[in-house]
Amino acid sequence: MIIVYTTCRDEAEARRIAASLLKERLVACANIFPIRSLYRWRGKLCDEAERAMLLKTQSSLWEAVRRRIKELHSYDLPCIERIAARGSGEFERWVRGETRPARAKTRREGVRRRGGPRRGPGGV
């Protein structure tokens, strides 16, 4: 399990991004809270009110979540950070159940398939 941390310009943007990620089952949960960010941008010191988000998801979905946030975000260079996390077993099962599994790459996307379908013991 991972937590994805990102900041947004305001509440409306944070809610819009969170709603899209939840609807697409890329994340199981989004926490939004107000923050004050001080940073240097293009040679200028900035002091801005923003919204931070903590997004809970499967580590296998990191790239899909990162790409989707970047597509939806208003910033030229959004903060999108991956944080390794360990939750209780029940919580991690819930996160897995509420997010879609990462789609395997197909041959067309550059991954060559080998062998037949995987089977369990006894050929099942």
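Each reported figure results from applying straightforward, stated rules to the coordinates on display, with no laboratory input. What you are looking at is a predicted structure, and each value in this text was computed from that prediction instead of being measured. Counting neighbours? That spans all protein chains shown, and the Cβs are built from the backbone with ideal geometry, glycine included.
Side notes on the structure shown:
- Considering residues of region 70-95 that are assigned to a loop (DSSP other than H, G, I, E, B), free of Cβ contacts under 8 Å to residues at least 12 places away in the same chain and of a type outside the set (A, V, I, L, M) only, the residue farthest from Met1 (Cα to Cα): Asp76
- Hits in region 17-34 - residues which are surrounded by 15 or more Cβ atoms within 10 Å (Cβ to Cβ) and more than 21 Å from Glu63 (Cβ to Cβ): Ile32
- Ala19 being part of a helix (DSSP H, G or I) and small (Gly, Ala, Ser): yes
- One residue from Thr7, Thr57 being of a type in the set (Val, Ile, Thr) and either farther than 30 Å from Gly89 by Cα or out of contact with any Lys or Arg (no Cβ under 9 Å at 6 or more places or on another chain) (or both): Thr57
- Verdict on Arg67 being without any contact (Cβ under 8 Å) to a residue 60 or more places away in the chain and part of a helix (DSSP H, G or I): yes
- Total residues in region 12-37, condition touching a residue at least 40 places away in the same chain (Cβ under 8 Å) and not small (Gly, Ala, Ser): 9
- Within region 66-95, considering residues that are under 13 Å from the mean Cα position of the chain (by Cα) and of a type in the set (Asp, Glu), the one farthest from Arg15 (Cα to Cα): Glu81
- The C-beta contact set for region 48-62 (first residue closer than 10 Å to Val4 by Cα, second residue of a type in the set (Lys, Arg) and not in a helix (DSSP H, G or I), distance under 7 angstrom, 6+ apart or interchain) comprises Trp62/Arg82.
- When Glu63, Glu98 are checked against the criterion of being loosely packed, with under 12 Cβ neighbours inside 10 Å, closer than 21 Å to Ile17 by Cα and under 16 Å from the mean Cα position of the chain (by Cα), a single residue qualifies: Glu63.
- Some residue of region 1-16 being over 20 Å from Arg67 (Cβ atoms) and in contact with a Leu (Cβ under 7 Å, 6 or more places away or on another chain): no
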